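Encoded as structure tokens, the structure appears first; notes follow it.
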Amino acid sequence: MLTEELGGTHVIQLIGELDGASARDVEDELFRIERIEGSRTMLDLRSLDFIDSTGLAVIFRAHCRAVENGRRLAIKVAPGPIKRLLDVCELTEVLPIVVEEVPRAASEARPNAWSY
């Protein structure tokens, strides 16, 4: 997991797997960012290979907290298995999803979380 702040948006880039082993760390980072006044959050899932039900729950709870507290949360995914999982679970109907390919170079990796 990599976290950076870009112009008021806190980007959490998840890498590898979001499952029972990593979910607590991701949720702790989300809670930390949520305590920052006026912050926006983007979860970048484009580098994930796997999400289990625990990981899906972390994402959904973050979305619910954002809605409840009037905060902005965006979720960026690449076309592929993670996007298909979100489709099958019908979470693309509920979550603020931005579909974008994984950048080829680090210089292209600057997120535009609010392009949806």
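What follows draws every value from the coordinates through simple rules; no lab data is involved. All values reported here derive from a predicted model rather than from experimental measurement. Note that each Cβ is placed from the backbone with ideal geometry, even for glycine, and that neighbours are counted across all protein chains shown.
Miscellaneous remarks
- Order of Glu4, Glu37, Glu27, Glu68 - criterion: other Cβ atoms within 10 Å of each residue's Cβ, fewest first: Glu37, Glu68, Glu4, Glu27
- Shape category assigned to region 1-43 from the gyration tensor of Cα positions, a/c cut at 1.5: oblate
- Highest-MSF residue in the chain out of Arg71, Arg35, Arg46 [GNM, Cα springs under 10 Å]: Arg35
- The relative contact order of region 2-104 comes to 27 percent, based on Cα pairs under 8 Å that sit 6 or more residues apart.
- Judged by the ratio a/c of the largest to the smallest principal axis of the C-alpha gyration tensor, region 2-104 counts as rounded, that ratio being less than 1.5.
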